[in-house]
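Working notes, beginning with the structure itself.
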Amino acid sequence: MAHFTVIGLGRFGITASLELIHLGHTVTGVDSAEKLAEQYAEELTHTVICDATDERALKELNLTNSDAVLVAIGEDMQASLLCTLHLKNLGVQELWVKANTSAHHTILSKLGVSRIIHPEEDMGVRVAQALNYPMVNDYLSIGHGYYVVEVHIADKLSGLTLAELLGDNLRIVETLLVKREQELFTKPDEQFTLRGKDIALFCGTRAVLKSLAPRLV
Ligand code: ADP
């Protein structure tokens, strides 16, 4: 269990906070709006009414006790940047900040924050990917052009072995896992026979995974 502080309880901040609680962590939610702090007092571990641009007020929150601090002030770039600067000065190491514009992103990267988040764009890319490849349920970028994709195996592919499904790509796509109802088959070999409704995790470069897509529909 970890402890997180989320500054800004707008739609993004509160969604992240409630999910962290759901995952079993503790969360202090901070907002300058009294109404929001009161509204979520029951659901979050603590809520604090505080102007996050005020360094003294931030200091009182003892933020170095948090495993990470998420700044979810999106609209007011000046407030977000001032708050970020203060958190850096206070020695917060693991600092995640939501950015709204590319100027915001540029300044945040100069301030050395651990992770800059672009929720709208990230979600937009995910939705476009899902519309483009409906059988790809989810994907994860693991860097250097490699992705892990979660594929729902269509009923009409039932009975194919991994070798038959992957064809020429067999050597360059790694099949990490096949999930069949409650059962997990890790690192299945090429003779593994798929069934409809299996969920497979494949790893490979974007180009190779893309070339695989027509075989999966
Ligand atoms: P979203 O798009 O996630 O709703 P917003 O930018 O609209 O993001 O909301 C950000 C939240 O941050 C609001 O609830 C607002 O009250 C809060 N906020 C804005 N400025 C400050 C500040 N200086 N200190 C603390 N909270 C702030």
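The numbers here are math on the coordinates, done by the rules we state, and not lab data. If you're wondering where the values come from, they're calculated on a predicted model, not measured in any experiment. Cβ placement follows ideal geometry from the backbone for every residue including glycine, while neighbour counts extend to all protein chains displayed.
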In whole Hz, what ³J(HN,Hα) sequence does region 137-154 give by Karplus (6.51, -1.76, 1.60; θ = phi - 60°), x for Gly and Pro?
7, 7, 8, 9, 7, 10, x, 6, x, 9, 10, 10, 10, 9, 10, 8, 6, 5
How many lysine pairs are close in the chain, with Cα atoms under 25 Å apart and the two 8 or more places apart or on different chains?
18
Quick one: Met135, Met1, fewest Cβ neighbours within 10 Å first, how do they rank?
Met1, Met135
Total charge dipole magnitude, region 3-118, about the Cα centre, Cβ charges on Lys, Arg, Asp, Glu only, Debye to nearest 20:
460 debye
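Length gain on complete extension for the stretch Lys88 to Ala103, per 0.36 nm per residue less the alpha carbon to alpha carbon distance? Please report the intermediate quantities before stating the final value.
Numbers: separation 15, 0.36 × 15 = 5.40 nm, distance 1.90 nm.
Here the segment from Lys88 to Ala103 would lengthen by 3.5 nm.
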With a 10 Å cut-off between alpha carbons and a GNM built on the chain, which of His118, His22, His105 moves the most?
His22
Please work out whether region 44-100 counts as rounded, prolate or oblate from its C-alpha gyration tensor, where a ≥ b ≥ c are the square roots of the eigenvalues and a/c under 1.5 means rounded, while otherwise a/b larger than b/c means prolate and anything else oblate?
rounded
On a full-extension model of 0.36 nm per residue, what is the gain between Thr15 and Ile172, subtracting their alpha-carbon distance, rounded to one decimal in nm?
52.7 nm
What shape does region 129-216 take by its C-alpha gyration tensor, where a ≥ b ≥ c are the square roots of the eigenvalues and a/c under 1.5 counts as rounded, a/b above b/c as prolate, and the rest as oblate?
rounded
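If I take every Cα pair under 8 Å that is 6 or more residues apart in the chain, average their sequence separation and divide by the length, what percent do I get for the relative contact order?
13 percent
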Per the Kirkwood treatment, what hydrodynamic radius in Å, one decimal, follows for the chain from the mean inverse distance over all distinct Cα pairs?
19.9 Å
Relative to the present Cα-Cα distance, how much length would full extension add between Asn62 and Arg195 at 0.36 nm per residue of separation?
42.6 nm
Cut-off is 10 Å between beta-carbons; in what order do Asp198, Asp54 appear when sorted fewest neighbours first?
Asp54, Asp198
For Thr84, Thr53, ascending order of other Cβ atoms within 10 Å (fewest first) is Thr53, Thr84
